[in-house]
1. Based on the Kirkwood radius over alpha-carbon pairs, what is the Stokes-Einstein translational diffusion coefficient of the range 143-227 at 4 °C with 1.567 mPa s viscosity, in µm²/s?
2. Cα atoms only, the chain: Rg and Dmax in Å?
3. Hey, what number do you get for the chain at 222 nm if only DSSP H runs of n ≥ 4 count, each worth -39500 (n - 2.57), divided across all residues, to the nearest 500?
4. If I fit a long axis through the Cα atoms of helix 148-161 and take the longest principal axis of the Cα atoms of the chain, what angle between them do I get, 0 to 90°, rounded to 10?
5. Gap in Å between the Cα centre of the range 125-147 and the Cα centre of the range 1-52?
6. Please report 27, 195 as a ranked list, fewest other C-beta atoms within 10 angstrom at the top and most at the bottom.
7. Rounded to the nearest angstrom and ordered from largest down, what semi-axes does the equivalent ellipsoid of the range 116-163 get from its C-alpha gyration tensor (root of 5λ)?
8. Test of understanding: ordering 19, 29 by Cβ neighbours within 10 Å, fewest first, what list do you get?
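Just so it is clear, none of the values below were taken in a lab; they were calculated from the coordinates. Bear in mind that the values here come from a model prediction, so they are computed numbers and not experimental data. Every residue, glycine as well, gets a Cβ built from its backbone with ideal geometry; the counts of neighbours run over all protein chains shown.
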């Protein structure tokens, strides 16, 4: 028997008006996501949108030569697939599971019906999209102007905001792909954070020991993104 979806499973779902939630709940499906799983491919037609619960999904821009870089991440604060209700049936980015876990999904057809018929749903999704665009813009600026050490701190903090604890399962190679840098650079930056007593890293597992130290060490980009999410989505549980 399928497990019923709780509205508190995802912060964006939790912000839905009760009448909208009553319509959505029977249509949502639980999905288990594996590390590295591709949910959406660049240029592919979207059949569902995904609301992460314990998983984190990275949105990657992939070049013709196969190299990639993360432009944003989505966790329990949001939804993967905003291109659908922004007017397109396809997405320009690849959505890859960064941290394994659970999510719930809703069919693209049902989401569009809600988006086009419910003003509160439309306003909520558009505010979320603006916050996501801010994250994308700030990521681009950060990758261009700030050190790898600062970028890694920002990336770790954003990930922590979307997880229940302070542990991440993440290889240095995967982090390098997310940040669009060489693995050796990530190894050096992670080593510096570990030496400073801020993280513990071993065999693809990262434990954050001192969050305040990461916040002091990162650039202003993390704070800009956090502030914009809080401003645009005050109804959501603080992320």
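1. Rounded, D is 101 µm²/s.
2. When restricted to the Cα atoms of the chain, Rg and Dmax are 17.5, 54 Å.
3. -13500 deg cm²/dmol, from helical runs alone.
4. 40 degrees
5. What the calculation gives is 23 Å, centre to centre.
6. Ascending Cβ contact count within 10 Å gives the list 195, 27.
7. Semi-axes (√(5λ), whole Å): 30, 13, 4.
8. Listing 19, 29 from fewest to most nearby Cβ atoms yields 19, 29.
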